[in-house]
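Colleague: The structure's right below; bear with me while I get my questions together.
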Amino acid sequence: MIIDALSFAMLALGGFFVFMGGLGALRLPDLYTRMHAASLTDSLGTLLTLGGIMLQSGWSLATVKLLTILFFLLMTGPTATYALANAALFSRDDGPPATAP
Amino acid sequence: MKVLGLYNYWVFTVLLMIGLYAIIARGNLVKKLLGLSIFQSAVFLLYISMAKVEGGTAPIIQHAGEPQLFSNPLPHVLILTAIVVGISTIALGLAIVVRIREEFGTIEEDEIQARDRDR
Amino acid sequence: MVTAFGFVLLTLLLVTAVAIVVTPNLFVAVMLTSIFSLLMAATFFLLDAADVALTEAAIGAGMSTILFLGALALIGEHEARRRRRPWLPLAVIGLTAFTLIYATFDKPRLGDPAAPVHQHVAPWYLEQTPELMGMSNVVTAVLAGFRAYDTLGEVLVILTAGFGVLLILAERRAGGRPDRPPAVGLRHHLIPRVVGQLLIPFIVLFGLYLQFHGEFGPGGGFQAGAIIAVGIVLHALLEGEAAGRAILPTRVLTGLMAGGAFLFAAVGIAGMLLGGEFLDYSGFSADPVAGQQLGVHLVEAGVGITVTGTLVAAFHAFADRERPA
């Protein structure tokens with residue numbers, strides 16, 4: 001019962017963060033702030049949503065699979081954000097000329 | 001409520017028409033290929049929608065002998081192969097478009113025809 | 001609840017398709033196609049087609065996007081605006097859409113078990129698969145067993161299209177020119193490179209799992225081939241075109257493409273030599289069911305090899321081409 005309530009709260013909160021991330025990606029003024037908003041979806045959104053599902057599935061093979069998915073998302077999400085920011089920095093017209101690190 | 005059971009087929013129709021519009025009305029060859037892939041996906045959606053059985057599960061028999069309801073596996077097989085064939089043909093189309101761009105310097109249909117007449 | 005989710009997904013599909021056609025930037029259109037494929041894969045999964053969803057996610061959202069981007073790098077990403085309004089095409093598609101939607105009212109509703117599709121051969125496949133093939137995944141059994149002749153044809157189409165790409169883009173390779181610096185990929189970007197290299201073994205391992213577990217869960221040669229190809233292409237993207245080509249040269253790739261299809265056909269002829277029909281595997285072993293399983297394994301391996309070879313070769317054909325002025 002407590003676990004059910006906790007998992008529903010986590011799912012709802014995860015959905016809220018995903019929604020806010022989407023809203024931010026649409027409404028914020030420039031690319032970097034938008035990426036900042038979208039990264040909310042990557043980190044908190046997936047963490048809470050998958051955590052909620054894990055609480056529902058209990059100790060089973062499904063939980064292990066969900067943990068693997070979570071691991072992959074936590075690895076790839078920030079990398080994709082980094083690559084995007086990097087590409088934006090390199091292709092920018094104004095500002096100082098970017099150099100390869 | 002019963003009419004809502006046709007929503008999948010309506011989405012299929014509209015997607016098919018969007019793809020067809022991109023193929024016949026857009027002059028850009030890559031846009032035409034994207035339209036073709038939407039057209040393909042619409043046909044996939046039609047087949048998979050027809051395979052669905054109310055209350056059924058994916059056709060993977062977990063416990064043989066027990067009576068279970070499964071969706072129809074045959075359209076799944078047809079579409080599974082069609083997706084991979086689809087990307088191969090799209091790749092072939094893209095290769096032809098790349099060659100056209102190198103020969104004519106453009107991938108807009110009317111410009112290609114104009115340049116072809118000038119030769 | 002699931003039905004409502006399906007409605008939302010289908011509506012999003014429509015919105016994405018309109019956006020793909022309307023946007024003037026081809027790069028944006030290709031990215032939207034990737035999203036379109038992902039939505040389509042989710043829809044397929046809701047409609048119980050786990051194998052198809054897996055294929056669509058690997059091919060549509062992964063490989064197809066890479067091929068389109070590879071071609072766009074050679075073509076340029078802007079579409080010229082048309083001046084006149086396309087009234088004639090709009091009228092044509094309006095009329096066709098009206099006719100098709102009118103025709104749907106005669107169709108059985110979604111999920112109707114009494115629909116004509118479910119009456120003829122499908123129940124036989126569902127009933128006989130555990131007995132004749134000893135497998136749980138009916139899709140694999142039908143794909144590589146009951147209807148393997150169809151699949152052989154599809155593999156030959158893929159092979160032909162792959163060789164077509166290689167022949168069309170054969171000459172004017174950039175890699176052979178000494179005055180052009182070799183493409184270095186993302187070698188100077190530490191973070192994507194490290195994370196990518198970390199992921200590649202798992203991607204390939206997952207592909208192999210799908211290849212050999214296709215009889216019991218969702219999976220099979222087509223999905224496995226696509227996912228392994230994505231892993232190899234990721235290596236080429238990270239380390240540069242030359243390094244990607246070094247591990248699998250074109251000669252090896254064409255060998256893989258033809259070899260997979262050859263293996264498929266050879267298994268079929270072996271079935272004939274052992275006293276059965278073409279692509280009948282029951283003679284492979286004293287126990288017919290074990291023979292069928294061995295045959296399906298070999299045929300799926302052939303499919304996986306051809307699909308991997310074709311997709312990687314097509315990627316290299318685009319990536320290694322010199323950019324026109």
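Every read-out reported here was derived from the displayed coordinates using simple, explicitly stated rules and does not represent laboratory data. Just so we're clear, the structure is a prediction, and the values are computed from it rather than from any experiment. Positions of Cβ are backbone-derived with ideal geometry, glycine not excepted, and every protein chain shown enters the neighbour counts.
Colleague: From the list B:V43, B:V85, B:V77, B:V53, exactly one residue is surrounded by fewer than 24 Cβ atoms within 10 Å (Cβ to Cβ), farther than 22 Å from C:A71 by Cα and facing chain C (nearest Cβ under 7 Å). Which is it? Break it down into steps so the answer makes sense when it comes.
Modeller: Numbers: B:V43 fails: facing chain C (nearest Cβ under 7 Å); B:V85 fails: farther than 22 Å from C:A71 by Cα; B:V77 fails: surrounded by fewer than 24 Cβ atoms within 10 Å (Cβ to Cβ).
The unique qualifying residue is B:V53.
Each row is one residue, and each column tells you yes or no for (1) assigned to a helix (DSSP H, G or I); (2) crowded, with 16+ Cβ neighbours inside 10 Å; (3) touching a strand residue (DSSP E or B) at 6+ places or on another chain (Cβ under 8 Å); (4) away from chain C (no Cβ under 14 Å).
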position: A:L40; (1), (2), (3), (4): yes, yes, no, yes
position: A:L47; (1), (2), (3), (4): yes, yes, no, yes
position: A:T63; (1), (2), (3), (4): yes, yes, no, yes
position: A:I69; (1), (2), (3), (4): yes, no, no, no
position: A:F72; (1), (2), (3), (4): yes, no, no, no
position: A:T81; (1), (2), (3), (4): yes, yes, no, no
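Colleague: Restricting to the range B:1-26, name every residue that is at the interface with another protein chain (Cβ under 7 Å from one of its Cβ atoms) and either hydroxyl-bearing (S, T, Y) or surrounded by fewer than 19 Cβ atoms within 10 Å (Cβ to Cβ) (or both).
Modeller: B:K2, B:G5, B:Y7, B:Y9, B:W10, B:T13, B:Y21, B:I24, listed by residue number.
Colleague: Go through the range C:244-293 and give me each residue that's over 26 Å from the mean Cα position of the chain (by Cα), surrounded by fewer than 17 Cβ atoms within 10 Å (Cβ to Cβ) and either of a type in the set (S, T, N, Q) or closer than 30 Å to C:L167 by Cα (or both).
Modeller: Answer for the range C:244-293, where residues must be over 26 Å from the mean Cα position of the chain (by Cα), surrounded by fewer than 17 Cβ atoms within 10 Å (Cβ to Cβ) and either of a type in the set (S, T, N, Q) or closer than 30 Å to C:L167 by Cα (or both): C:I269, C:S285.
Colleague: Let me ask something else about it. Cβ-Cβ distance below 8 Å, separation of 6 or more or different chains: which pairs start in the range B:10-38 with a residue that is within 30 Å of C:L110 (Cβ to Cβ) and end on one that is basic (K, R) and assigned to a helix (DSSP H, G or I)?
Modeller: From residues that are within 30 Å of C:L110 (Cβ to Cβ), the pairs are B:A22/B:K31; B:A22/B:K32; B:I23/B:K32.
Colleague: Another question, then. Output the number of the condition that C:P113 fails; it satisfies all remaining conditions of (1) in contact with an Asp or Glu (Cβ under 9 Å, 6 or more places away or on another chain); (2) touching a residue at least 60 places away in the same chain (Cβ under 8 Å).
Modeller: Here C:P113 meets the rest and fails (2).
Colleague: Residues to consider are C:A161, C:A148; find the one that is in contact (Cβ under 8 Å) with a residue 12 or more places away in the chain, more than 7 Å from every other protein chain (Cβ to nearest Cβ), of a type in the set (A, V, I, L, M, F, W, C) and surrounded by 15 or more Cβ atoms within 10 Å (Cβ to Cβ). Give the derivation first.
Modeller: On the way: C:A161 fails: more than 7 Å from every other protein chain (Cβ to nearest Cβ).
None of the other options fit; the residue is C:A148.
Colleague: Now for a different question. Suppose we keep only residues that are of a type in the set (S, T, N, Q) and either assigned to a helix (DSSP H, G or I) or over 16 Å from C:F68 (Cβ atoms) (or both) within the range C:12-36. Which one would you say is nearest to the other protein chains (Cβ to nearest Cβ)? Spell out how you get there, then give the answer.
Modeller: Taking the range C:12-36 first, the residues of a type in the set (S, T, N, Q) are C:16, C:23, C:25, C:33-34.
From the residues that got through so far, the ones that are either assigned to a helix (DSSP H, G or I) or over 16 Å from C:F68 (Cβ atoms) (or both) too are C:16, C:33-34.
On the way: C:T16: 9, C:T33: 6, C:S34: 11 Å.
That would be C:T33.
Colleague: Criterion first (farther than 21 Å from B:G19 by Cβ and surrounded by fewer than 18 Cβ atoms within 10 Å (Cβ to Cβ)) does C:H118 satisfy it?
Modeller: Details: farther than 21 Å from B:G19 by Cβ: yes; surrounded by fewer than 18 Cβ atoms within 10 Å (Cβ to Cβ): no.
Judged against the criteria, C:H118 is not a match.
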